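The values are calculated or read from the model by the stated rules, or taken from the named source; none is laboratory data. A quick note: this is a predicted structure, and the numbers were derived from the prediction, not measured. All Cβ positions, glycine included, derive from the backbone under ideal geometry; neighbour counts span all protein chains shown. The area values use the complete protein model at the heavy-atom level, side chains included, leaving out ligands, DNA and RNA. Shrake-Rupley method; radii C 1.70, N 1.55, O 1.52, S 1.80 Å.
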Amino acid sequence: MNSSAASQHEISEEVLKNAQFIQAVRDQVATVVVGQDEVVERLLISLFTGGHILLQGVPGLAKTLLVSVLSKSIDLDFSRIQFTIDLLPSDILGSQILDQKTNEFVTRTGPIFTNLLLADEINRAAPKVQGALLEAMQERKVTIGNETFPLPAPFLVIATQNPVEQAGTFELPEAQLDRFMLCHRLDYPDPSEEREVLKRNMALGIRREDRGAVVNTEFDVMQQQPVGTADDLVACMQAVNDIHVSDTFVEHVIEVINRTRNHPNIELGCSPRAGIALVKASRARALIQGRNYVIPEDLFVLAEDVILHRIRLNYEALADGLTGQGVLQDMLRDLGATPSLVGRED
Amino acid sequence: MRDRQAFFRTLILQPLALVLLACVYGAAPSPSAAAEEPSSASVGMSQRIEDVILPGSELQVKQITDDDPIILRIVSIHPHGPDMFRYELEYYGLQPGEYNLADFLERKDKSALGELPAIPVRIKSILPASRVEPNSPSATSIPRIGGYQFWMTIIFLLWTVGAFLIVFVKRKSANETDETQQPPPSLSDRLQPMVEKAIAGKLTQTQMAELEMMLVAFWRKRLHLEQTDVAEVTRILRQHEEAGPLLQQLEILLHRPDADPQLNSPQIAQILEPYQNLPADALDEELASLAT
């Protein structure tokens, strides 16, 4: 056990540097956004692994504020695009316009050229706009006219979907959902958090402007001072890459992915990309939790965010009123309780 | 040439002229034709007489009374030479008998009718004299639906036999399947040999991973956390006084960078010792049913 203790000591020192930065970011976010620790953790996981994230939740849960304060904390560029039915791919990517002075076409890049892109209500845009964004997410480069431009690094898309208003929307198909590493469902704050939100909102005050005054918003009182640099971010990304993944953990991931493909209630199981995402996200969570190795808890905590948007229930399950969340939870409970689906080597 | 003309006149023109004459004669109206062959009709059925040429000024139908046995109507009137008119008449009889339509006419200028040729008509009755109403239609029997009944009976019998066969065959095959298939081993059945093999250091990586999950499932059932969110379960188990140390030691042995299960067999044996002689009833029925 002495060797373990020694290694644990080394782990603490290695992880400590990154842990301080991560905690500073979380504290900075907490000064503006109440609660939502889970979402902040998921955003950091996405940021450290370069995987895009889809947030599902009703309006008013401070999604924009959250992403905005996160970008300010790490000194990253931030853009927000409100997706609407009449949005065009060129509105996101950019286009070539004619300069009348020089009589030449000049490329004007779109809002996608940023570090953090909040694609608000992505399901409101037409499929070709969604396709353009998702292609850029995958390729990390954009072609305008005949020129190809690389997107800045880091580049992270935080898309949102409103699960309530579905009229006149274009639901993202499974193949496109698969491009999001995580899909996190935001919940309403609990009463104590709600109380804190209201108290903070009442304390925002007003400020003089021109000949009158305007009521301050959370954006106005947000600290603009970053708590970390790009180097800190790169260090975290590197640390995530160094997180140890045991063979046992890999077996757990294979088991979970296999069960989604063989489950009687699931029509479309997980792609290999889901397994990759599960390992990546687990590594990032391990770092955020102050470990340099992953454990089954990481898998269980992240399973819904990684798997749920990648599976599709079959007709019988839907007719029986089952939900993806319920089926996934049952499947995870079956791990160990029922024989493994992965071939044994006796 | 003359002979040919004579031949043509004799053989072609003369017979043709005779045929034409005969046609014209036959088609020409004859005032006396109506008188010779009286028009006839059934009671209530209208009949029409054309080209009736009557002398004198123009005629019209008299005022009809309730007792009149004939209803007459002049369809059209045309002048026919000096002081004559050609009429088209339509009539229908209400009572059987023989009548003269001229009796139902009068001069339009109210002058005396004078001598008019008779326009005889005969109204016949289809019914016998004693009958005033036609026979009621004879009652016929409803056509039999024997074909329909026959086929419906056949279909019902086939359906009954088919349903019986399906139920019988399905039940039989289900019984056969039940007999051939063994129920999957329960968690308690699987845990014991896995623990023994782990202590002996004979487990593969996949089996070791399964054993770890089996121990989580075991404690979840033992602490009645079946309906709790799986992520929450692992957090609870880590804080539990018995399950916590087990999971932490497994974590050290299986997941840390310097872990090597092969080298740490004594430690594995030490950790799993409490589960080595686990009585079968240590897992409740719920646990067994979950495994099945």
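Checking A:D86 against (1) without any contact (Cβ under 8 Å) to a residue 40 or more places away in the chain; (2) within 23 Å of A:L43 (Cβ to Cβ); (3) of a type in the set (D, E), only one condition comes out false. Which one?
In the conditions (1) without any contact (Cβ under 8 Å) to a residue 40 or more places away in the chain; (2) within 23 Å of A:L43 (Cβ to Cβ); (3) of a type in the set (D, E), A:D86 misses (2) alone.
For segment A:43-56, give me the residue count where each residue is open to solvent by 10 Å² or more (accessible area, probe 1.4 Å) and either aromatic (F, W, Y) or assigned to a helix (DSSP H, G or I) (or both).
Going through segment A:43-56 one residue at a time, the tally reaches 1.
If only one of B:V61, B:V43, B:V52 is touching a strand residue (DSSP E or B) at 6+ places or on another chain (Cβ under 9 Å) and at pLDDT below 90, which one is it?
Details: B:V61 fails: at pLDDT below 90; B:V52 fails: at pLDDT below 90.
Just one listed residue meets the conditions, B:V43.
Restricting to segment A:276-289, give me the number of residues that are in a helix (DSSP H, G or I) and either free of Cβ contacts under 8 Å to residues at least 60 places away in the same chain or away from chain B (no Cβ under 14 Å) (or both). Before you say what the answer is, go through the steps one by one.
Residues of segment A:276-289 that are in a helix (DSSP H, G or I), as a first pass: A:276-288.
If we keep only those that are either free of Cβ contacts under 8 Å to residues at least 60 places away in the same chain or away from chain B (no Cβ under 14 Å) (or both) too, we end up with A:276-280, A:282, A:284, A:286, A:288.
Residues in segment A:276-289 being in a helix (DSSP H, G or I) and either free of Cβ contacts under 8 Å to residues at least 60 places away in the same chain or away from chain B (no Cβ under 14 Å) (or both): 9 in total.
Condition first: assigned to a loop (DSSP other than H, G, I, E, B) and open to solvent by less than 60 Å² (accessible area, probe 1.4 Å). Can you find one or more residues in segment A:64-80 that meet it? First the steps, then the outcome.
Our first condition is that a residue be assigned to a loop (DSSP other than H, G, I, E, B); within segment A:64-80, this holds for A:74-77.
Okay, now just the ones that are also open to solvent by less than 60 Å² (accessible area, probe 1.4 Å), so A:74, A:76.
There is at least one residue in segment A:64-80 that is assigned to a loop (DSSP other than H, G, I, E, B) and open to solvent by less than 60 Å² (accessible area, probe 1.4 Å).
Only one of A:Q225, A:Q238 is modelled with pLDDT under 85 and open to solvent by 60 Å² or more (accessible area, probe 1.4 Å); which?
On the way: A:Q238 fails: modelled with pLDDT under 85.
Selected residue: A:Q225, the only one of A:Q225, A:Q238 that is modelled with pLDDT under 85 and open to solvent by 60 Å² or more (accessible area, probe 1.4 Å).
Determine which member of the set B:Y92, B:Y87, B:Y99 is surrounded by 16 or more Cβ atoms within 10 Å (Cβ to Cβ) and in contact with a Ser or Thr (Cβ under 7 Å, 6 or more places away or on another chain). Write out each step before concluding.
Working: B:Y87 fails: in contact with a Ser or Thr (Cβ under 7 Å, 6 or more places away or on another chain); B:Y99 fails: in contact with a Ser or Thr (Cβ under 7 Å, 6 or more places away or on another chain).
Only one candidate qualifies: B:Y92.
Looking only at segment A:234-271, filter to residues that are more than 26 Å from A:Q289 (Cβ to Cβ) and not in a loop (DSSP other than H, G, I, E, B); which one of those is farthest from the chain's Cα centre (by Cα)? Let's see the steps before the verdict.
Applying the first criterion (more than 26 Å from A:Q289 (Cβ to Cβ)) to segment A:234-271 yields A:258, A:261-269, A:271.
Subset that is not in a loop (DSSP other than H, G, I, E, B): A:258, A:261-262, A:266-268.
On the way: A:N258: 24, A:R261: 24, A:N262: 27, A:I266: 24, A:E267: 25, A:L268: 22 Å.
Filtering first and then ranking leaves A:N262.
Rundown of residues vs (1) in a strand (DSSP E or B); (2) touching a residue at least 24 places away in the same chain (Cβ under 8 Å); (3) hydroxyl-bearing (S, T, Y), yes/no style:
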| position | (1), (2), (3) |
| --- | --- |
| A:I92 | no, yes, no |
| A:Q96 | yes, yes, no |
| A:K101 | no, no, no |
| A:F105 | yes, yes, no |
| A:R108 | yes, no, no |
| A:I112 | no, yes, no |
| A:L118 | yes, yes, no |
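Scanning segment A:127-181 for residues that are assigned to a loop (DSSP other than H, G, I, E, B) and β-branched (V, I, T), which turns out surrounded by the fewest Cβ atoms within 10 Å (Cβ to Cβ)? Reasoning before the result, please.
At the first step, the residues of segment A:127-181 found to be assigned to a loop (DSSP other than H, G, I, E, B) are A:140, A:145-146, A:151-155, A:162-173, A:178-181.
Next cut, β-branched (V, I, T) only: A:164, A:169.
Values: A:V164: 8, A:T169: 16.
Out of the qualifying residues, it is A:V164.
What is the one condition in (1) within 14 Å of chain B (Cβ to nearest Cβ); (2) out of contact with any His (no Cβ under 9 Å at 6 or more places or on another chain); (3) open to solvent by 20 Å² or more (accessible area, probe 1.4 Å); (4) under 18 Å from A:G50 (Cβ atoms) that A:V245 does not satisfy?
Going through (1) within 14 Å of chain B (Cβ to nearest Cβ); (2) out of contact with any His (no Cβ under 9 Å at 6 or more places or on another chain); (3) open to solvent by 20 Å² or more (accessible area, probe 1.4 Å); (4) under 18 Å from A:G50 (Cβ atoms) one by one, A:V245 breaks only (2).
Considering only residues of segment B:232-263 that are within 10 Å of chain A (Cβ to nearest Cβ) and more than 18 Å from A:Y293 (Cβ to Cβ), which is surrounded by the most Cβ atoms within 10 Å (Cβ to Cβ)?
B:V233
For (1) assigned to a loop (DSSP other than H, G, I, E, B); (2) acidic (D, E); (3) surrounded by 17 or more Cβ atoms within 10 Å (Cβ to Cβ), each residue gets a yes or a no:
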{"site": "A:A274", "(1), (2), (3)": "no, no, yes"}
{"site": "A:R291", "(1), (2), (3)": "yes, no, yes"}
{"site": "A:E304", "(1), (2), (3)": "no, yes, yes"}
{"site": "A:D330", "(1), (2), (3)": "no, yes, no"}
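Would a scan of segment A:262-272 turn up a residue that is open to solvent by 90 Å² or more (accessible area, probe 1.4 Å) and at pLDDT below 90?
Here is the first cut: in segment A:262-272, the residues open to solvent by 90 Å² or more (accessible area, probe 1.4 Å) are A:262, A:264, A:267, A:272.
This time we only want the ones that are at pLDDT below 90, so: none.
No: zero hits.
Of everything in segment B:264-292 that's open to solvent by less than 70 Å² (accessible area, probe 1.4 Å) and not in a helix (DSSP H, G or I), which residue is modelled with the lowest pLDDT?
B:D284
Within the set of pairs 6+ apart or on separate chains, which have a first residue in segment A:190-212 that is in contact (Cβ under 8 Å) with a residue 24 or more places away in the chain, a second that is β-branched (V, I, T), and C-beta atoms under 8 Å apart?
Listed pairs, sorted by first residue: A:E193/A:V34; A:E196/A:V34; A:V197/A:V34; A:R200/A:V34.
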